[in-house]
Structures are given as C-alpha cells and as structure tokens.
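Asks: Have a look at the structure that comes next, please.
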Amino acid sequence: MTTTLDGSTGAGGTAPAARTYDVGASDEVAERGRLVVTVGHGADAVTVGVFRFRDRLYAYENTCAHQGGPACQGRIVSRVRERLDDERRSLGLVFDDSVMHVVCPWHGFEYDVTTGRHPGRPDYALRPVTVAEEGGRIRVTV
Amino acid sequence: MTIDDGVRRLPTQQITTHTDSREILANAARDTERYGLDDYFIVDVDSHHVELDSWPEILEYLESPVLKDTAHQMMRNWPQASHLALHNHPPGLTMQDVSGRIPHQASLAEETPGAASGAERDVTLVRRAMDAMSIDVQVVFPQPMLETGLHPQPQVASALLQAYNRWFTSQILPREPRVKTMLGLPFEDPDACLATVEEFADHPGVIGFLVTSQRHAGVHRNAYMPLYRVLEERGLPIGFHAGPNQADSMTSTMNRFLSAHAMSFVTCNMTHMTNWVINGIPERFPGLKTIWIESGLAWVPFMMQRLDHEYFMRQSDAPLLTRPPSHYIREMYYTSQPMEWTDAALLESTLRAIDAPNQLMYSSDWPHWDFDVPGRIASLPFLDDHAKRNILGETARKVFGL
C-alpha cells in the first residue's frame with residue numbers, strides 16, 4: 001500500500017537515488033498510532049513518521065511546513081468541528097473521529113494524516129514519503 | 001525479518017512536557033546549517049523562564065515580614081497555592097497550549113540532573129534552548145508576572161516585582177553571563193520605579209527596564225517623567241512587554257483564546273504607543289530608547305497611518321510634536337516575534353515601514369506556543385545579509401551595549 005501526493009516520490013526529491021528501508025513490523029504501528037524513524041546517514045538522513053488510520057499507512061517527513069518543527073512527533077487527535085443546528089446556532093465543539101490529525105508540537109499546525117495537508121490551508125503540507133506494507137513488514141522509500 | 005541498517009527509531013515517538021528541550025528543538029539545527037547561523041551574532045531579545053517553578057524561593061525575597069507571612073500561610077494552607085501564593089495568575093493563560101497540542105507552553109518538565117535549586121534548573125533550561133537555536137545572548141523575562149500590571153492590589157504587585165528582581169539578579173544572572181534581562185518596573189508606584197532603577201541599573205546583566213504593559217496606567221502621566229529622565233540619562237532602554245487579557249471590556253466578549261490573544265497582545269501596546277507619541281514623550285526624552293515587545297509587527301504600519309491621518313487634522317491635540325507621529329514610531333525599536341508571515345508582500349512592506357534593518361531585533365519568545373526560531377529571519381528573501389545580521393543581533397548589540 002503506497003501513499004503519495006501529486007505523484008511525488010516522497011522526501012528528498014533531488015536527493016540521491018531512492019532507497020527502500022524496512023522500518024519495522026506491521027503490528028508496531030497500531031490503528032491511530034505512529035512510528036517515527038530516521039533512515040539513512042549524514043546529510044542524506046531523513047526522519048519519517050509512519051501513521052496508520054483505518055488500516056492504511058501514510059508517511060511524511062518529520063518537518064513542519066511552518067517553521068520546520070517535528071510535526072510527526074506531535075499529538076494525534078481527531079479534527080475538532082463546530083456543530084450548528086438548523087438555525088445556524090452553535091451547538092458547541094465536537095471531535096470528528098473520521099479525520100485523524102497529527103499536530104506539530106512546536107506551534108500547533110495540524111495535518112490530516114490521510115493527505116498531509118493543513119485543514120484550512122491545504123498548500124501547507126507535509127512532504128509525503130512512499131510507504132508500503134507487505135508480508136507483515138513496513139517499508140519506506142526515500 | 002528485522003529493520004534495515006541505517007534505520008533508527010527515535011527514542012521519543014511523541015513530544016510531551018517531559019521531553020528534553022534539546023530534543024524538542026532538534027530541528028532548529030537544520031536552520032543553523034542551512035543559513036550558517038553559527039557565523040551570526042544572535043541576540044534573542046525576548047524569551048522566558050517559568051518563575052512560578054521557583055516561586056517559593058522567590059517569595060523568600062519579599063521584604064515585608066507581614067507579606068512574607070501571608071505568602072507562607074497561603075502556601076501552607078491552600079491546597080494548590082504552593083506555586084501561586086500572592087500571584088494574580090489569570091486562569092485563561094492555561095488555554096495557551098491548545099489543549100496539550102503545544103506541550104512546551106504548558107511546562108518544561110524535563111530532567112535537569114544536578115540542579116539543586118529553581119535557579120539552577122532555570123539556567124540549565126535557558127542554556128539548552130540557546131544552544132539548540134544557536135543563540136549567543138538571551139534576554140530572559142518571567143511569564144505570569146507579566147500580568148502583574150493587572151494585580152488587584154498594586155502594593156502586592158510592587159512587592160512581588162521587588163522580590164523577583166532581587167532573586168533574578170542574585171540567583172540567575174551570576175550563573176550565566178549570556179543571560180541578560182530587562183527588569184519589570186512596579187509601574188503603579190512611580191517612586192518605586194525610580195528606586196528599582198537605582199537599585200538594579202548597575203547590576204551586571206541588567207540591560208534595561210520593562211513596563212509589563214497589560215495595565216491601565218497612562219504612560220504619559222507627569223509622575224513618570226523622572227523615571228524616563230533617569231533612564232535616558234543612564235542610556236537604558238525602556239521596553240513595553242505586551243500581555244494577554246481575556247477579561248477587559250473588549251476581550252470579555254470573546255469566547256476563544258485565539259481571539260483574545262490575537263487582539264489583546266497588540267491593543268495594550270497600541271494604547272501605550274498612542275499615549276507615548278501623542279503626548280510627545282519622544283520630544284521630551286529624545287535619547288530614551290523605546291522597545292515594543294511581543295506584539296508582532298503588523299500593527300505598527302496601522303498606527304503610523306492612523307495617527308498621522310488624525311494628527312494632520314488635529315495638530316492642536318498633540319502640540320509637542322514637531323513631526324508626524326510615524327516619524328517617531330519609525331525611530332523606536334521592535335522585537336520580531338510573533339512575526340506575521342502569512343503574506344510576504346505585506347511583511348516586506350511592514351519591515352520597510354519600520355526601518356527593520358536598523359530598528360528590528362530578533363526575539364524567539366521561547367518557550368511560548370508562538371515562538372520564532374532564528375531561521376525565521378534568516379530565511380526572509382527580501383532582506384540582504386547586512387539587514388539579517390542587524391536584526392539577528394547587531395542592532396541589539398548597539399541598543400544594549402553588548
């Protein structure tokens with residue numbers, strides 16, 4: 001299973017030839033869970049967050065689009081929405097468990113883990129990383 | 001099957017209040033490398049430590065035996081008052097961390113091995129942040145005490161500021177020469193302000209004085225003129241450090257912390273700047289360096305245009321002025337955080353309006369939820385290297401004589 005945006009092949013678009021890494025077993029990333037790993041060495045090292053939501057994996061580089069914070073190491077929380085009644089009166093805030101966010105701990109930028117995009121400014125996005133799951137193993141390609 | 005060589009799992013999968021500052025800020029090292037920040041002299045003109053962590057130590061510096069007894073009794077008898085006694089900590093401030101989404105705002109609860117006191121722990125935390133962000137000199141302020149201007153008992157606020165100032169100058173500054181401060185003034189009491197300047201102005205590391213500016217005192221009142229004169233004579237800047245207030249007549253209509261924070265962190269300094277300029281304080285004390293802290297920057301062009309527009313029609317309301325208000329405003333100093341960055345063209349215009357290459361000084365505001373790393377300045381495409389060096393540290397070097 002592979003996750004990409006805009007046909008991107010993931011982190012380090014201009015980096016040396018892509019390489020695939022086995023980063024762990026499937027059961028190490030639970031539903032609504034994560035695994036954050038650094039792959040590669042030296043200047044080519046990339047830190048990647050792998051997330052699972054509704055039994056699909058998504059992976060992003062651990063760099064916030066805002067100030068470069070460790071976005072993949074932040075709180076995982078459902079998107080907050082505000083409910084309105086038929087008269088457009090507010091009924092207060094609720095969690096929308098159909099949308100899983102990861103929040104950059106530096107400044108609170110939230111990203112939908114299925115798209116890597118900020119809910120209010122989709123062009124603020126995490127850089128996607130190709131992730132695959134096969135035979136009980138998780139592999140990322142950077 | 002096992003994970004491949006070259007794969008390392010981060011020991012901290014989720015950053016919490018217990019994560020080490022150096023790990024929280026690890027990504028800032030990328031900016032250091034990308035922009036060569038180690039080659040810059042970087043002064044952070046606005047950062048914070050958490051004085052309430054050391055509150056029992058600070059209260060020991062209270063001068064009044066009666067007030068000290070009150071503090072002791074509060075700490076002993078009130079279940080949650082051990083780190084709040086006598087303080088006017090506004091409850092709304094606990095909304096700052098966005099419900100745990102920004103943990104470092106709530107607490108830096110990391111380990112500091114060997115730190116035997118709150119002061120030692122504070123210095124350790126400051127050093128970690130400075131090193132992580134390649135900062136050479138950091139101006140450190142308290143946090144909740146910036147609300148002291150709203151304390152219901154001004155005499156208690158003055159006593160707390162005196163105790164804090166004595167604790168900070170005797171316990172923090174001697175431990176780390178890279179730490180500097182502008183000490184808070186007990187602004188409700190002009191005589192006490194003068195006494196504060198006299199007591200601390202010559203202390204190493206004290207590089208100016210601060211109006212904790214969320215307050216309702218008119219900065220143009222005659223009683224403050226001796227204070228401004230002595231600061232001007234000593235060449236010490238006066239800073240206005242903004243603060244939020246969710247309980248005044250305007251913000252009390254607001255139901256979200258975002259709303260109150262966005263507005264009141266600016267309107268308090270807008271109020272003081274208006275009184276400052278329209279009453280001609282820059283004409284009375286032309287050598288007094290004035291710094292506006294933590295209100296961001298976008299408000300300044302608004303003030304320039306608004307006050308100029310009205311001044312041209314109502315010159316008799318501001319007879320001390322010999323130039324338009326914007327001219328004075330352009331000669332004041334500003335700290336950069338939280339720098340409004342969402343529209344590059346507007347930001348570029350703002351920096352031009354305030355003469356940023358000569359008047360703007362970088363500030364992080366670490367560890368607050370809206371802090372800025374130095375890379376924020378270094379990455380601006382419309383500034384040349386000379387301007388970046390000035391903003392990141394050289395202007396502060398001149399303003400504070402570092």
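The values are calculated or read from the model by the stated rules, or taken from the named source; none is laboratory data. Small disclaimer: the values here were computed from a predicted structure and weren't measured. For neighbour counting, all protein chains shown are included, and Cβ atoms are generated from backbone atoms with ideal geometry for every residue, glycine included.
Asks: So, in the stretch B:298-316, of the ones that are farther than 20 Å from B:A345 by Cα and in contact (Cβ under 8 Å) with a residue 12 or more places away in the chain, which residue ends up surrounded by the most Cβ atoms within 10 Å (Cβ to Cβ)?
Replies: Checking each candidate, the answer is B:L307.
Asks: Quick check on my filter: what residues within the stretch B:357-376 are facing another protein chain (nearest Cβ under 10 Å), touching a Phe, Trp or Tyr at 6+ places or on another chain (Cβ under 8 Å) and over 21 Å from B:G243 (Cβ atoms)?
Replies: B:G375, B:R376
Asks: Does the stretch B:142-154 contain at least one residue that is under 23 Å from B:G208 (Cα atoms), crowded, with 19+ Cβ neighbours inside 10 Å and at pLDDT 95 or above?
Replies: no
Asks: Among the residues of the stretch A:92-118, write down those that are closer than 14 Å to B:I15 by Cβ, in contact with a strand residue (DSSP E or B) (Cβ under 6 Å, 6 or more places away or on another chain) and touching a residue at least 40 places away in the same chain (Cβ under 8 Å).
Replies: Matches in the stretch A:92-118: A:V102 only.
Asks: For the stretch A:91-125, which residues satisfy the criterion of being part of a loop (DSSP other than H, G, I, E, B) and of a type in the set (A, V, I, L, M, F, W, C)?
Replies: A:C104, A:W106, A:F109, A:V113
Asks: I've got another one for you. Looking at B:L125, is it modelled with pLDDT under 95, of a type in the set (A, V, I, L, M, F, W, C) and part of a helix (DSSP H, G or I)?
Replies: No; evaluated as a whole, the condition is false for this residue.
Asks: Anything in the stretch A:59-85 that is part of a loop (DSSP other than H, G, I, E, B) and either under 19 Å from A:E31 (Cα atoms) or of a type in the set (F, W, Y) (or both)? List them, or say none.
Replies: Scanning the stretch A:59-85 gives A:G74, A:R75.
Asks: Same structure again: Go over the candidates B:L307, B:L320, B:L380 one by one and state the one that is away from every other protein chain (no Cβ under 14 Å), assigned to a loop (DSSP other than H, G, I, E, B) and of a type in the set (A, V, I, L, M).
Replies: The match here is B:L320.
Asks: Ok, one more. Can you name the helices (runs of 4 or more DSSP H) wholly within the stretch B:32-109 that have at least 2 residues being away from every other protein chain (no Cβ under 14 Å) and in contact with a Leu (Cβ under 8 Å, 6 or more places away or on another chain)?
Replies: Ranges flagged: B:55-59, B:65-77.
Asks: Under the condition of being among the polar types (S, T, N, Q) and without any contact (Cβ under 8 Å) to a residue 24 or more places away in the chain, which residue from the stretch B:51-81 is surrounded by the fewest Cβ atoms within 10 Å (Cβ to Cβ)?
Replies: B:Q80
Asks: Quick one: B:I291 ticks every box in (1) β-branched (V, I, T); (2) touching a Ser or Thr at 6+ places or on another chain (Cβ under 7 Å); (3) free of Cβ contacts under 8 Å to residues at least 40 places away in the same chain except a single one, so which number is it?
Replies: (3)
Asks: Which one is nearest to A:A71 (Cα to Cα), of the residues in the stretch A:119-141 that are acidic (D, E) and free of Cβ contacts under 8 Å to residues at least 12 places away in the same chain?
Replies: Among those that are acidic (D, E) and free of Cβ contacts under 8 Å to residues at least 12 places away in the same chain, it is A:D123.
Residue by residue, here is whether (1) more than 9 Å from chain B (Cβ to nearest Cβ); (2) in contact with a Cys (Cβ under 9 Å, 6 or more places away or on another chain) holds:
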{"residue": "A:R32", "(1), (2)": "yes, no"}
{"residue": "A:V37", "(1), (2)": "no, no"}
{"residue": "A:G40", "(1), (2)": "no, no"}
{"residue": "A:T47", "(1), (2)": "no, yes"}
{"residue": "A:T63", "(1), (2)": "no, yes"}
{"residue": "A:G68", "(1), (2)": "no, no"}
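Asks: Something else: For the stretch A:104-114, enumerate the residues that are more than 17 Å from A:D55 (Cβ to Cβ) and more than 9 Å from chain B (Cβ to nearest Cβ).
Replies: A:F109, A:Y111
Asks: Mind listing whichever residues of the stretch B:11-25 are within 7 Å of chain A (Cβ to nearest Cβ) and surrounded by fewer than 20 Cβ atoms within 10 Å (Cβ to Cβ)?
Replies: The answer is B:T12, B:Q13, B:Q14.
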